[in-house]
1. Which of the pairs K370/K676; K188/K250; K188/K501; K188/K385; K212/K246; K208/K403 have their Cα atoms more than 26 Å apart in this structure?
2. If I compute solvent accessible area with a 1.4 Å probe over the protein chains, what percent of it on the range 294-397 is carbon and sulfur?
3. Could you give the nm distance between label points at D626 and E298, where each point is 7 Å from its Cα heading toward the beta carbon?
4. What is the extension gain from D416 to L461, computed as 0.36 nm multiplied by their sequence separation minus the C-alpha to C-alpha distance, in nm to one decimal?
5. Quick one: Cα centre-to-centre distance for the range 461-495 and the range 187-253, in angstrom?
6. Determine the sum of side-chain charges near G570: Lys and Arg each +1, Asp and Glu each -1, restricted to other residues whose C-beta is under 12 angstrom from that of G570.
7. Compute the signed sum of charges (Lys and Arg +1, Asp and Glu -1) over the other residues within less than 9 Å, Cβ to Cβ, of G181.
8. Between D564 and S285, what is the FRET efficiency for a Förster distance of 41 Å, r being their Cβ-Cβ separation, to the nearest 0.05?
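The values are calculated or read from the model by the stated rules, or taken from the named source; none is laboratory data. All values reported here derive from a predicted model rather than from experimental measurement. FYI the Cβ positions are ideal-geometry reconstructions off the backbone, even for glycines, and counts take in every protein chain you see. Protein only, heavy atoms only, side chains kept; ligands, DNA and RNA dropped before computing areas. Shrake-Rupley method; radii C 1.70, N 1.55, O 1.52, S 1.80 Å.
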Amino acid sequence: MKKILALLGLAGVFLFAGCSGSSSSGTTDSETVADSETVNDSNDSISTPTDNDTVIGQDTGTVSDITNETDSRSADTVLGGTDSESDIVTANDSNTALNSTDSESDIVTANDSNTETGQDTGTEADTGSSTGDPFENGTDSGNDSETETITVNDSDSDTVSLMLPPRTGIGINLNFPERGGTFVDVVKENYRWNTGGSDLTASQVDSKGWPKVDAQFVWDNRPVAEWAGEIDDPEEYRINISGTYKCSFKGQANVSGNSGGTVENLNYDTATNTTTFDFVIPDASGAGYGFVLIDFTETRRTASDTGESGFTDFKMYRPGYPPDTDKIFTDAFIAALQGIAFEAIRFMPFVGTNDVEETYPQVTEWAMRKLPDDASQSRLDSTGKYDAAAWEYVIALGNMLRKDIWICIPNSATEDYVRNLAQLIADTLDSDLNVYVENSNEVWNSIFPQQPWNLAQADDLGIGEHENHARRTVELADIFGEVMGQGAINTRIRPILCSHKPMLKWWVVPMLEYIRDNIGEPANYLYGIASQAYFSMPMEDGQSIADILALARDDIAAQIDETDGVNEAGRMQWITTAGDWGLAGGYFIYEGGGHPELGNLTNIDNVISAERDSGMGELLKYNYGDAFLELGGAMAMHFILSSAYTRYGSFGLTDDINFPERNHKYGALRDLAAAK
């Protein structure tokens, strides 16, 4: 089995590379078998390898990262993770394969020298620990008690047993950050530093984005648009951010809470040049709650500095996570992704695709990409890194959650960028997971900078902008094929040609013809075609919630078959076009959901309330089920996992990642996926 063994290139930060001196503790399985006979299998221990074993674990319910450690007794390597919901453990000893799957979708594969036959179903109590993670040093120990079904097979060869992504036809777009938190470390998803009321400039930060001057950290969780004296959401729902945040940074400073909380237990360790403190946010609500300002003054980056010089490596761990945690993603974020049987995850918002492009002919080089050890995973204008989360996190989530990944590559990314990205994926994404490859996002949409970039390049090449989009999509497929093997195109590598839904005969068919006439048969390069599948949320005074939902359903129904329309771009026509051109994957929805007129405040209370209504859950089932999958559609990617509910849309399945079920959309998609 090919596993992730790529070094991130960070000092002390690893993605599945050996960390000497760490260890894994033993696991004793106490099983109650179906015939009421109790068996204690001490030889089934999978966490105590004794010679050159590899243990790979991804328990993605409690510890949301993938860890790496070396057993202190020999040359064993352990890649581990979190305890609770979706565990994947592989242990290789010498002879026999033990495969077990528990009720929480955990998968265990172990090869040892014992011989057992049979299938045991019962209760197993596991105790174990793992240290390290792909991005930071740390230790995590945990006990899980769970009901498992254990299948024991005799074999003299190693056996690989891994969950494949469920083929439900339902996927999700990840937001960045999710409302309520993506990362355990708040700083990873929030980059707002200012001094004197202005954002820090390039001269005021180092190459990673850390302040070189006294600065103020801004974290704003207020509902839209409280800062302007009004709130869109009729519920005025606020994320609860109360609790004690464990904070630290390299250097020293006077630290004080300017707004939203107080600083306690401030301490400076001269031996490590590390300052630690607690930031305590009260359990409160009401006007202004969620707006946090932390002041760093009289900063000294090193012990020898005598003047204002800033600091580095500021961390702000959420309540409930100790300062030595090795978790990267919050438990709630991982649980929300596990709660629905998503087939794939589209990472367009997560990596900030719409923010990357500059002005043509400026290009995006591989060296300009976000790295896991940058000051934040948010856009860093001060360092010229305009993307969001690093590709390493995309791959880690795919592996951890056992989901196919859908990536959107900047239109301006150079061949070197694309080749390096393909190599990173080839080296570190689990070999049984697929990668959907898309050129940027909505290059037809003039509100995004990739549209004028694509148009300008097309003019330079003497072709149409739609033809350039087609050419670029094939180019991406070719580069990925050169890196991962040409035979992987349209199997593991899945290039998707995306366009605006009404433009089936105006853009999509001409793009397919362009590929055929100038490059080769499209079916040799493209896995599928895709469009969005939004339905209109009408915004007129006097409309009730029921009126809004009924009109939205009518809009979905009108999108199914447009044979007699001007555009002839119904979903059935898209499906037929994909089939006529022999595209193996067929027709996909890259984004979908309810879509109001953005920025419009007309009847906003009822429009937002409709998004929370049980009828909206039924609309999502209809939009993706009867009006797409049942017609022969391939996979629908809802936009997005979570978001605030505002004048700018209420796209999220939930408006609080910590409570995904508080609205009806999340449960509706869970039920739809479970039925497939």
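1. As for pairs spanning more than 26 Å Cα to Cα, those are K370/K676; K188/K501; K208/K403.
2. 49
3. Output for this residue pair reads 6.9 nm.
4. 14.2 nm
5. First find each Cα centre; the distance between them is then 40 Å.
6. Cβ neighbours under 12 Å give a net charge of -1.
7. With Lys, Arg at +1 and Asp, Glu at -1, the neighbours total 0.
8. With a Förster radius of 41 Å, E is 0.15.
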